[in-house]
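Here the structure is laid out as structure tokens; the discussion comes afterwards.
The values are calculated or read from the model by the stated rules, or taken from the named source; none is laboratory data. Remember, it's a predicted structure, so these values are computed and weren't measured experimentally. No Cβ is skipped: glycine too gets one built from the backbone with ideal geometry, and neighbour counts run over all protein chains shown. Surface areas here come from the heavy atoms of the whole protein model, side chains and all, with no ligands, DNA or RNA. Shrake-Rupley method; radii C 1.70, N 1.55, O 1.52, S 1.80 Å.
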Amino acid sequence: MRKFLLAAALSALVAPAFAAPTTYKLDPGHTDVIATWNHFGFSNPSAHFGNVDGSLTYDPANVAASSVQVTLPLSGLESFVPKLNEHLAGSDFFDAAKFPTATFKSTKVQSTGKDKLKVTGDLTIKGITKPVVLDVTLNKVGEHAMKKVQSIGFDATATVKRSDFGVGNYAPMVSDEVKLHITTEADAAKAK
């Protein structure tokens, strides 16, 4: 009985430490945003947005207090087809010389079940901001085996209409809807 009471007392002291909100810095080496679209009905090419910068705060005790803010430098856009990279970065699509980044900033985070979240936020591309909803899966929270720091990992999906952001050329032959898949690891931000 004494062991049970001691364990319960220790749990009461330790639990709040694990439930506290934590701010994490995205690891650009383990964060990827992949966009997939349909090309004239023949294929489903994809492009990856790398060099992602951002942070997130996750509060397991009050998920609604969680947030995320991300910047996608268009210099990190890679379709693995050099001519397509040039075309996507050009004025027909992202006009990266004039609009070098895309951003996402959450406005609402909701729990939708065990390790499932719905993150609503503002996506800005080419100076146009529209709401986007991400369906998110929390993959893992804990000490990273190699880095020995508190880390967190998520996967997320969303579908956006590229015409909403001024990148709708060649629709509908090239699908207006673009499927996004995001995977990320983030490490606890160091105290200043």
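Data overview
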| read-out | value |
| --- | --- |
| Sole residue being among the polar types (S, T, N, Q) and closer than 22 Å to THR137 by Cβ, chosen from SER163, SER175, SER151 | SER151 |
| Neighbours by Cβ (under 7 Å, 6+ apart or cross-chain): first from the stretch 89-118, at pLDDT 95 or above; second outside any strand (DSSP E or B) and basic (Lys, Arg) | PHE94/LYS126; ASP95/LYS126; PHE99/LYS126 |
| Qualifying residue in the stretch 76-89 (condition: part of a strand (DSSP E or B), of a type in the set (A, V, I, L, M), in contact with a helix residue (DSSP H, G or I) (Cβ under 8 Å, 6 or more places away or on another chain) and surrounded by 14 or more Cβ atoms within 10 Å (Cβ to Cβ)) | yes |
| Pairs with Cβ under 7 Å, 6+ apart, first in the stretch 66-78 and over 21 Å from LYS118 (Cα atoms), second part of a strand (DSSP E or B) and open to solvent by 30 Å² or more (accessible area, probe 1.4 Å) | PRO73/THR101; LEU74/THR101; GLU78/HIS48 |
| Within the stretch 21-46, considering residues that are hydrophobic (A, V, I, L, M, F, W, C) and open to solvent by 40 Å² or more (accessible area, probe 1.4 Å), the one nearest to LEU123 (Cα to Cα) | ILE34 |
| The one condition in (1) open to solvent by less than 70 Å² (accessible area, probe 1.4 Å); (2) part of a loop (DSSP other than H, G, I, E, B) that ASN51 fails to fulfil | (1) |
